[in-house]
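Heads up: the structure comes next, in structure tokens.
The values are calculated or read from the model by the stated rules, or taken from the named source; none is laboratory data. Everything numeric here is computed off the predicted structure, so don't read it as measured data. Counting neighbours? That spans all protein chains shown, and the Cβs are built from the backbone with ideal geometry, glycine included.
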């Protein structure tokens with residue numbers, strides 16, 4: 001099981017005092033840091049605790065170690081007098097506007113269309129070579145509330161204003177030397193409705209994309225076979241037929257040495273999936289899986305699938321406390337359908353969650369319908385965006401309110417669930433599972 005204390009022991013705290021900025025009209029101070037190694041680990045850990053592996057020092061150090069072109073990271077600690085009460089994590093990078101254009105219903109922009117065209121440059125070649133600088137409050141590589149944490153006694157009524165103060169301080173540092181065009185803050189669970197309303201009051205536009213698919217693991221199960229017994233006969237028969245197709249596929253949980261040894265094959269399988277994705281906010285950097293395994297040990301699991309001696313797929317995940325978080329997958333599509341590789345990856349994730357004693361399995365934001373066939377339910381999270389440029393901020397709402405959507409069907413495999421219905425829409429976001 002994940003232990004923050006054990007993982008953090010491998011790092012030396014090179015703590016440097018960050019830029020400390022009093023928050024006017026409050027008793028709070030904001031300290032900004034240039035690198036994860038500048039952070040006072042004990043202060044950061046006292047806020048994050050064991051709750052979020054993806055805000056832990058080892059995870060953040062792994063992200064910082066990856067060679068991502070033009071990526072800048074920002075870390076903020078909020079203090080009440082000398083007590084650390086909140087942390088914030090930001091990723092700053094260049095984003096190609098062409099990727100945005102491909103996912104917006106341009107015809108629905110109405111009065112904002114001319115400004116949208118102006119933003120593109122209104123040139124015949126489109127805007128495939130035009131970049132904007134984005135500041136992401138959170139993590140572009142994974143879905144969920146992994147950009148912030150507060151201590152339990154921090155007043156929720158103060159969160160939105162504090163978030164906006166931290167964003168403004170980060171922008172004012174001009175750490176990357178580039179002008180930030182837009183700010184995206186992600187992701188907020190539905191239970192935080194009041195906080196979301198407060199963020200909107202700070203000048204942000206709220207929008208949603210495809211939901212994070214989540215399974216709450218029933219108590220008392222020992223394996224996926226037990227879980228499958230909860231299915232209706234229709235879905236149980238289907239699951240067994242997929243498992244039958246999977247005969248002959250061998251799976252193996254990789255060590256760091258094995259990940260390094262097979263990295264060329266891993267990259268090829270990942271790119272197969274990435275190329276099929278409709279929209280990638282960020283591409284997975286070189287050494288991604290290596291650095292994560294190096295820093296997180298058993299808290300990061302990498303499972304490879306072989307057929308007749310050839311790697312035909314992989315699935316990566318994070319595990320901590322009560323949560324198993326699925327991450328990226330790779331597939332050889334030549335074998336995927338005949339061997340039902342992806343479907344059985346989902347079964348393996350459920351089995352892993354059950355056997356390891358996790359309560360929650362997060363499966364991410366893609367392939368929504370197939371994930372619902374194993375019992376996943378949609379968790380529609382709130383995202384918030386605004387432009388640092390007041391002029392272009394006027395088209396934020398029309399653009400993000402008209403992202404292209406694809407209808408999908410919520411499948412209900414359990415015996416007590418009768419109806420299947422269209423429950424939402426899907427925006428393909430990445431090669432994330």
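Might you check whether a residue that is modelled with pLDDT of 95 or more and either touching a strand residue (DSSP E or B) at 6+ places or on another chain (Cβ under 6 Å) or loosely packed, with under 14 Cβ neighbours inside 10 Å (or both) occurs anywhere in region 11-24? Steps first, please.
To start, the set of residues in region 11-24 that are modelled with pLDDT of 95 or more comprises none.
Within region 11-24 (the criterion being modelled with pLDDT of 95 or more and either touching a strand residue (DSSP E or B) at 6+ places or on another chain (Cβ under 6 Å) or loosely packed, with under 14 Cβ neighbours inside 10 Å (or both)), the answer is no, since none of the residues qualifies.
Taking the residues in region 168-191 that are free of Cβ contacts under 8 Å to residues at least 40 places away in the same chain and assigned to a helix (DSSP H, G or I) as candidates, determine which candidate is farthest from residue 31 (Cα to Cα).
Of region 168-191, the ones free of Cβ contacts under 8 Å to residues at least 40 places away in the same chain are 168, 172, 174, 177, 191.
Now drop any that are not assigned to a helix (DSSP H, G or I), which leaves 168, 172, 191.
On the way: 168: 13, 172: 13, 191: 29 Å.
Only one residue tops the list, namely 191.
Against the condition within 30 Å of residue 384 (Cβ to Cβ) and part of a strand (DSSP E or B), how does residue 153 come out, does it pass?
Numbers: within 30 Å of residue 384 (Cβ to Cβ): yes; part of a strand (DSSP E or B): no.
In short, no.
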Subset of region 351-373 [touching a helix residue (DSSP H, G or I) at 6+ places or on another chain (Cβ under 7 Å) and over 12 Å from residue 213 (Cβ atoms)]: 351, 354
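Pick from 232, 201, 251: which is at pLDDT 95 or above, surrounded by fewer than 19 Cβ atoms within 10 Å (Cβ to Cβ) and not assigned by TED's automatic domain parsing to the domain that holds residue 298? It would help to see each step written out before you state the result.
Working: 232 fails: not assigned by TED's automatic domain parsing to the domain that holds residue 298; 251 fails: not assigned by TED's automatic domain parsing to the domain that holds residue 298.
Result: 201 is the single residue among 232, 201, 251 that is at pLDDT 95 or above, surrounded by fewer than 19 Cβ atoms within 10 Å (Cβ to Cβ) and not assigned by TED's automatic domain parsing to the domain that holds residue 298.
Yes/no matrix, rows are residues, columns are (1) under 18 Å from residue 283 (Cβ atoms); (2) modelled with pLDDT of 95 or more:
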residue: 60; (1), (2): no, yes
residue: 66; (1), (2): yes, no
residue: 86; (1), (2): no, yes
residue: 104; (1), (2): no, no
Residue within region 414-426 that is modelled with pLDDT under 80, surrounded by 19 or more Cβ atoms within 10 Å (Cβ to Cβ) and closer than 30 Å to residue 273 by Cβ present: yes
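Given the criterion in the same structural domain as residue 217 (by TED's automatic domain parsing), surrounded by fewer than 22 Cβ atoms within 10 Å (Cβ to Cβ) and under 21 Å from the mean Cα position of the chain (by Cα), identify the matching residue among 337, 352. Break it down stepwise before answering.
Values: 337 fails: under 21 Å from the mean Cα position of the chain (by Cα).
Just a single option satisfies the conditions, and that option is 352.
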Filtered residues of region 148-191 (kept if crowded, with 19+ Cβ neighbours inside 10 Å and either out of contact with any strand residue (DSSP E or B) (no Cβ under 9 Å at 6 or more places or on another chain) or outside the structural domain of residue 83 (by TED's automatic domain parsing) (or both)): 160, 164
Failed item, numbered, when residue 270 is tested on (1) assigned by TED's automatic domain parsing to the domain that holds residue 348; (2) without any contact (Cβ under 8 Å) to a residue 60 or more places away in the chain; (3) touching a strand residue (DSSP E or B) at 6+ places or on another chain (Cβ under 8 Å): (2)
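So which helices (runs of 4 or more DSSP H) are wholly in region 228-280 and hold at least 2 residues that are touching a helix residue (DSSP H, G or I) at 6+ places or on another chain (Cβ under 7 Å) and farther than 26 Å from residue 292 by Cα? Explain how you work it out, then say what you get.
Values: elements: 233-245, 256-261, 263-276.
Where helices (runs of 4 or more DSSP H) fall fully within region 228-280 and carry at least 2 residues being touching a helix residue (DSSP H, G or I) at 6+ places or on another chain (Cβ under 7 Å) and farther than 26 Å from residue 292 by Cα, they are 233-245.
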Residue among 263, 305, 270 that is surrounded by fewer than 21 Cβ atoms within 10 Å (Cβ to Cβ) and more than 25 Å from residue 413 (Cα to Cα): 263
For residue 246: the one exception among (1) outside the structural domain of residue 31 (by TED's automatic domain parsing); (2) surrounded by 15 or more Cβ atoms within 10 Å (Cβ to Cβ); (3) over 26 Å from residue 411 (Cβ atoms): (3)
